[in-house]
1. Most exposed first by the Cβ proxy, i.e. fewest other Cβ within 10 Å, how do R132, R76 rank?
2. Report the gain in length on full extension from D99 to R209: 0.36 nm times residue separation, minus Cα-Cα distance, nm rounded to one decimal.
3. Give me D for the chain in µm² s⁻¹, whole number, from Stokes-Einstein with Rh from the Kirkwood sum over alpha-carbon pairs, 10 °C and 1.306 mPa s.
4. So which of K63/K180; K27/K146; K77/K110 end up more than 32 Å apart by C-alpha?
5. Distance between the C-alpha centers of segment 140-213 and segment 82-137? Whole Å please.
6. Ranked from highest to lowest mean number of other Cβ atoms within 10 Å per residue, what is the order of the peptides 134-144, 91-101, 6-16?
7. Shape of segment 19-85 from its Cα gyration tensor (a ≥ b ≥ c, root eigenvalues): rounded if a/c is under 1.5, otherwise prolate when a/b > b/c, or oblate?
8. Only bridges whose two residues both fall in the chain count here: according to DSSP, what percent of them are antiparallel, nearest 5?
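Quick note: the coordinates plus some simple rules give every number you see, no bench work behind them. Not measured: the values here are computed from a predicted model. All Cβ positions, even for glycine, are placed from backbone atoms using ideal geometry, and neighbour counts span all protein chains on display.
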Amino acid sequence: MNQFKAVIFDLDGVITDTAHYHYLAWKALAESEGVHFDHAFNENLKGVDRMGSLNLILAGSPKTYSMEQKLALADRKNRQYVELIATMSEADLLPGAIDALAAVRAAGLKIGLASVSKNAFTVLERLGIRDRFDYVVDAALIANSKPHPEIFLNAAAALGVAPAHCLGVEDAVAGVASIKSAGMFALGVGSPEVLTQADRVIPSLAQFRLGDY
Ligand code: BG6
Ligand code: MG
C-alpha cells in the first residue's frame, strides 16, 4: 500500500453526474452549428476547459469564428449548463461519493478538489459538500487545462503534500493524463478500456477502497 497523504478528486463525473449536463449543453451547441456530436466525441471534452472544448467542437465546422462569436457561443453553452445545475441537491451525489470523502477524512489524509470548471464552487454548494475539502482549486487561476499537470500540482502545493504522496481521482482521459504528468497515483473512475493511463480503474466511487492502492 502507498503512503498517501492526500487525495485530490475531480468533480464532474466523479462526485456528481454533471458530466451528463455538460454533454447535453455541448451537444445542443454543436448541433446548432451543424457539427455532429455524440458520446464518443464528448470523451475528448471531459476535463477540458470551456474555451478548449468549444475550439474542439468548432474544428468540425467549415465556418470560421471571430473571438467575439466564440465568446458568445461559450456563454450560451454556459447559460444552459447553469440552468441544468440550478436544481441540483444532495440527491445528485453519485453513489459512494460521501463514503469515499468520509473514508479519506477518517484516515487523516488531506482532501483536495481539482476541477477546471468555473462552476465548481456552485456545484459543491448545491451538493452541500464544500466544507469536506481542505482546498478547492479556483479554476479561474489555472492557465493550462488538463491534461497539463498544473491543476493537480496547484492542489498538492496548497495542501502542502508532495505529488508522490497524492492520489488523484478522475473520470476523464485528459484528467488521468494530468495526474500522471503531475507524478501522482491515478485512480480512474469509469472503464479501463478508456482510462488506459490510470494505475487502477474502478467503475464508480462505490468501489473506492483507500487501502487497496
Ligand atoms: C470539466 C468538465 O470539469 O469542466 C468539462 O469535465 C467542462 O466537461 C469543464 O467543459 C469546464 O466547465 P465550466 O463549468 O467552467 O464551463
Ligand atoms: Mg470529470
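1. Exposure proxy ranking, most exposed first: R76, R132.
2. 38.6 nm
3. 91
4. Numbers: K63/K180 36 Å; K27/K146 21 Å; K77/K110 34 Å.
Among K63/K180; K27/K146; K77/K110, the Cα-Cα distance tops 32 Å for K63/K180; K77/K110.
5. If we compute the Cα centre of each part, the gap is 16 Å.
6. On the way: 134-144: 14.7, 91-101: 17.1, 6-16: 25.9.
My ranking of the peptides, most packed first, is 6-16, 91-101, 134-144.
7. On the way: a/c = 1.58, a/b = 1.18, b/c = 1.33.
Verdict is oblate for segment 19-85.
8. That works out to approximately 5 percent antiparallel.
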